[in-house]
Amino acid sequence: MKHSIAILALLVGLTLPTEAQIAYSGHLEAGYQHYLLRTITVDPGINWRGYHLNNRQNGIALFFINGLTFNDRKLHTGIGLGFYNFEGVNGFSIIGDFDYLPLKNRVTPLFNLRLGYNHIWNQYAGGTGSIHTEVGLGINYKINEKFGIYIKSGILLTQQAFLLPLTLGFRY
């Protein structure tokens, strides 16, 4: 997973025009994760203690993402840390984050992809870990050249469940 993210970032960097500017960028996000459905059905065994999100919990998420912007601030790649609370079940996430803003207008669509790992401390000893895969669409509003706010939603696959994230973020 780590190598895939690094290779993807390198390929994106190599395909950009040589006059593209590269700058530091970050995001702060807060979001609500609405539980939709389980991705698996289990035939319980002796040591089975329930699904990872056993009570179909909704959650809240807080993310801090640092990275680089390319191509006049249209493309952002970064690494982020997140905190989850699924109705009392806490956890964290480490993600690779990719954003694309196709227009230079004050209001522009936002395309987002996140890949990574998360871990929650649920009913299993030591908790459970799983992949974090999220695809999202949203709207970005540029306050000025450096700052912006956005709202996005999409689909999140993690902890044996599909969730519908609704996220509000601040870009700097």
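Charge tally around residue 63: other residues with Cβ under 15 Å, Lys/Arg +1 each, Asp/Glu -1 each, net -1. Full extension of the chain segment joining residue 28 with residue 54 gains 6.5 nm, where the gain is 0.36 nm per residue of separation less the Cα-Cα distance.
Close lysine pairs were tallied over the chain: pairs 8 or more places apart or on different chains with Cα atoms under 19 Å apart number 8.
Which one of 147, 111, 64 has the biggest mean-square fluctuation once the chain is modelled by GNM with Cα springs under 10 Å? Largest GNM mean-square fluctuation: 147. About its Cα centre, the chain has a charge dipole of approximately 200 debye under the convention of +1 per Lys or Arg Cβ and -1 per Asp or Glu Cβ, with nothing else charged. A convex hull fitted to the Cα coordinates of segment 104-172 yields 92 cubic angstrom per residue. Could you give the longest part of the chain that holds none of the trypsin sites (Lys or Arg not before Pro) found in DSSP loops with at most 15 neighbouring Cβ atoms within 10 Å? The segment 1-48 is the longest one with no such site. For mean projected area of the Cα convex hull in nm², the candidate list reads (i) 16.3; (ii) 11.9; (iii) 10.2; the entry that matches the value derived from this model is (iii).
Taken together, the values in this text are just the output of simple stated rules run on the coordinates, not laboratory data. Computed from a prediction, not measured in an experiment: that's the story for all the values here. Note: ideal-geometry Cβ built from the backbone for every residue, glycine included; neighbour counts use all protein chains shown.
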